[in-house]
Amino acid sequence: MSYQNLILTEEGPFITVTINREKALNALNQQTMSDLAQFFGEDLPHRENVRGVILHGAGDRAFVAGADIKEFTSLTDDDGANMARRGQAVFFLIERSKVPVVAVIQGFALGGGCELAMACHMRIAGEKARFGQPEVNLGIIPGYGGTQRLIQYIGKSKATELMMTGDMLNAEEAYRLGLVNHVVPQGEEMAKAKELLEKIATKGPKAIGKVIESINAYYQYDQDGFAKEVDCFGEVTLSEDFKEGAQAFIEKRPANFTGK
Ligand code: CO8
């Protein structure tokens, strides 16, 4: 299979998937989302000998700086909810993968990037990593599962604060709150991820798949939150504030929100 925005590097039983949009800080445009859906939905399930996947972003400035804001300006009325629904479906493919997926985070993991990292089974952060859900700066909310998964990882109080302020966590704070599994010096992220996956690869692959399935079941007791997020996301993408927020980002100026 071929991918426009992903680079696959195979090394023994492991595949490293690089999101390759360095100039846009690896922002998730629709092509990249399609590539991720193709890899995790169609390609990976047929590779029986794969024992782990590392997901990271090209360069050292960002894992992923969010959904591609430049694509937002052409959204039509129904697009917001549909994009959120489709994006959640892609991230469910990752979360439900039978082989472990480890996110390696260097630099920014913001918005959809933080949501992508949270859909992976584990996260290794470099010491300069930054995490956040800054969607409110654009007049929208997280739409790729962030309102649900951030609470699962760090608890409701801090998740609420982060999603309302758009503030970022540094790597140590993210570790202390339980968002990441390990923080390592810059340049050692990949080695740590490989070390982790090599250890897991010595265990029974079927058992690892069932660990993932069972852990995911813990969070399926109420999927209404995800549906609610889709509805809310659809609503905010219809607002004037959102148009203003996206335009202000592109024009590199502060947004002038009116609450409409
Ligand atoms: N989308 C598109 N382009 C981006 C994005 C993005 N999310 N982030 C950065 N870029 C681009 C910049 O526009 C810039 O491009 P150019 O050189 O052509 O102007 C390039 O990447 C480098 O960025 P900066 O010059 O801004 O780099 P800085 O080091 O000054 O700042 C930041 C880095 C802080 C990461 C800054 O770029 C930033 O704030 N980015 C936006 C972060 C953000 O708001 N992310 C959330 C987006 S919304 C989202 O993810 C919603 C998810 C759910 C979507 C549901 C379906 C629609």
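The values are calculated or read from the model by the stated rules, or taken from the named source; none is laboratory data. Everything numeric in this text was worked out from a predicted model, so none of it was measured. Note that we place each Cβ from the backbone using ideal geometry, even for glycine, and neighbour counts take in every protein chain shown.
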Criterion first (buried (at least 18 other Cβ atoms within 10 Å of the Cβ) and over 18 Å from the mean Cα position of the chain (by Cα)) does residue 234 satisfy it? yes
Being under 21 Å from residue 92 (Cα atoms), without any contact (Cβ under 8 Å) to a residue 60 or more places away in the chain, assigned by TED's automatic domain parsing to the domain that holds residue 71 and not aromatic (Phe, Trp, Tyr): is that true of residue 54 here?
no
Does residue 259 satisfy being closer than 26 Å to residue 90 by Cα, modelled with pLDDT under 95 and not assigned by TED's automatic domain parsing to the domain that holds residue 99? no
Taking segment 183-220 and keeping residues of a type in the set (S, T, N, Q) and either part of a loop (DSSP other than H, G, I, E, B) or under 12 Å from residue 123 (Cα atoms) (or both) leaves 186, 202, 220
Those residues of segment 184-207 which are in contact with a helix residue (DSSP H, G or I) (Cβ under 9 Å, 6 or more places away or on another chain) and under 19 Å from residue 10 (Cβ atoms) amount to 200, 201
Yes/no for residue 199 being under 26 Å from residue 18 (Cβ atoms) and exposed (fewer than 12 other Cβ atoms within 10 Å of the Cβ) = yes
All-but-one check, residue 48 against (1) in contact with a Phe, Trp or Tyr (Cβ under 7 Å, 6 or more places away or on another chain); (2) closer than 21 Å to residue 211 by Cβ; (3) free of Cβ contacts under 8 Å to residues at least 60 places away in the same chain; (4) not β-branched (Val, Ile, Thr), failing number (1)
